Every structure is written in C-alpha cells, then in structure tokens.
Amino acid sequence: MAKAAKAKAKRSATAKPVTARVLLRGLAQLQEQRGLDELVLLGALCEVIAGHPPTARQALTRIQGMLDDAGIR
C-alpha cells in the first residue's frame, strides 16, 4: 500500500502545470486530427471542468472577470 502512495506522490510532484497556450494548442490539434467543430470542443471542455464544481465556479468567475477587464459586455 505504501508503494502505491509513494508512486502517486511522485507522479504528482513531477506534473507540470499546463498553460493556456499549451491547452489551446492541444485542443487545436485535436480539432484538426478529428475534424471537430469548435462547439464540440467547447462542450467537451465544459464537461471536464464541470466534473469538479469548485473549479467550474472559479473558471466562470475568472472568465467573467477577464471579459469585464477587457471591456467586453
């Protein structure tokens, strides 16, 4: 049991954060490779984020703030 916990801790410690640019590039590659519509990708991304409600609420708040800061109403 301790071995599994150590392996999980090691994986978590080495995980690199994903920047918006890297995420966007990966989504663009998926779109091109699979011939997906933008709404399909947006829906999939929403499904993933909604799987963790605190993250989903934070994401929505941050998006609203970014749009407000840019003057987009």
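Surface calculation, 1.4 Å probe, protein heavy atoms: residue 68 sits at approximately 80 Å² accessible. Model label sites at residue 14 and residue 64, defined 7 Å from Cα along the beta-carbon direction, differ in position by 4.1 nm.
The values are calculated or read from the model by the stated rules, or taken from the named source; none is laboratory data. Because the structure is a prediction, the values reported are computed rather than measured. Neighbour counts are summed over all protein chains in view; Cβ atoms, including those assigned to glycine, are modelled from backbone coordinates with ideal geometry. For the accessible areas, the whole protein counts, side chains as well, though only heavy atoms, and no ligand, DNA or RNA atoms are used. Shrake-Rupley method; radii C 1.70, N 1.55, O 1.52, S 1.80 Å.
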